[in-house]
Amino acid sequence: NCPAMGIDWFSAREYCHWAGKRLPTEAEWELAARGSSGNPWPWGNEFLPKHANLGGDEDGHALAAPVGSFPQGASPYGVLDMVGNVWEWVDNPIGKEADPKKSLRIVKGGGWTTPTPAIPFRGTADPATKNPVFGFRCGKSLN
């Protein structure tokens, strides 16, 4: 019931491919998290600490929480855990280095160690990083 954690970008991408899916793009992740409302949080315009697993234990979890522990924090599409718990790798590289394996990658959503509130929940990291608060979710094309 725990999110995938401590996963580098390459392993996340390989798992998604193995499952017949892919990592979402940053734009897909944003749409799944916020819908088209433009609200800063999946649940609305106001930060509500018990709607996500973020820094501290005010939300009831000092570390990672079981997936789906914050149903009140669902996005407009019903997607859970888009904020907090673990940062999620997306497919977009940062920069145009000669070696695409060395380009920084984007992580979204924040993790259980992220101070609150921290908008827009976007970070960058070396794709080989295996941080305990880095995870992923798979995306799938409609076609």
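Want the number for His17 to Ser36: 0.36 nm per residue separation, take away the alpha-carbon distance, what's left?
That works out to 4.1 nm of additional length.
Long-range amide H contacts for Asn53: which residues qualify at under 5 Å (H placed 1.01 Å from N, peptide plane, sequence gap of 5 or more or a different chain)?
The answer is Asn85.
Going toward the positive end of the dipole of the chain, with +1 on Lys and Arg Cβ and -1 on Asp and Glu Cβ, which of Val86, Ser36, Ser103 do you reach last?
Ser103
Starting from the Cα of Phe10, step 7 Å along the direction of its Cβ; do the same at Arg122; then give the gap between the two resulting points in nm.
Taking the two extended label points, one gets 2.7 nm.
Hey, got the dipole for the chain? About the Cα centre, +1 on K and R Cβ, -1 on D and E Cβ, debye to the nearest 20?
380 debye
Between 0 and 90 degrees, rounded to the nearest ten: what's the tilt of helix 9-18 against the longest Cα principal axis of the chain?
Helix 9-18 and the main axis of the chain meet at about 90 degrees.
Looking only at Cβ-Cβ distances, which cysteines of the chain have no other cysteine closer than 4.7 Å?
So far as the 4.7 Å Cβ criterion goes, Cys2 stand without a partner in the chain.
Per 0.36 nm of contour for each residue apart, how much would the distance between Tyr77 and Asn45 grow if the chain were fully extended, relative to their Cα-Cα spacing?
9.9 nm
Just want the answer: with Cβ charges of +1 for Lys and Arg and -1 for Asp and Glu, which residue in Ala64, Leu48, Asn1 is farthest toward the dipole's positive end in the range 1-93?
Ranked along the dipole, the leading option is Asn1.
Counting helices only, and only those DSSP H runs with n ≥ 4, report the 222 nm mean residue ellipticity of the chain as the sum of -39,500 (n - 2.57) divided by its residues, in deg cm²/dmol to the nearest 500.
It lands at -4000 deg cm²/dmol.
Eight or more residues apart or on different chains, and alpha-carbon atoms under 27 Å: count the Lys pairs in the chain matching that.
Going through the chain pair by pair, I get 17.
Which net charge results when you count Lys and Arg as +1 and Asp and Glu as -1 among the other residues whose beta-carbon is under 9 Å from that of Asn53?
-2
Multiply the residue separation of Glu58 and Asn1 by 0.36 nm, subtract the distance between their alpha-carbon atoms, and state the gained length in nm to one decimal.
Separation in residues times 0.36 nm, less the Cα-Cα distance, equals 18.4 nm.
Compute the signed sum of charges (Lys and Arg +1, Asp and Glu -1) over the other residues within less than 13 Å, Cβ to Cβ, of Ala65.
On the way: positive: Lys50; negative: Asp57, Glu58, Asp59, Asp81.
Value of the local net charge: -3.
All of the numbers you see were taken from the coordinates with simple rules; none came from a lab. Predicted model only: the values in this text are computed from it and were never measured. With ideal geometry, Cβ positions are generated from the backbone for all residues, glycine too; neighbour counts draw on all protein chains shown.
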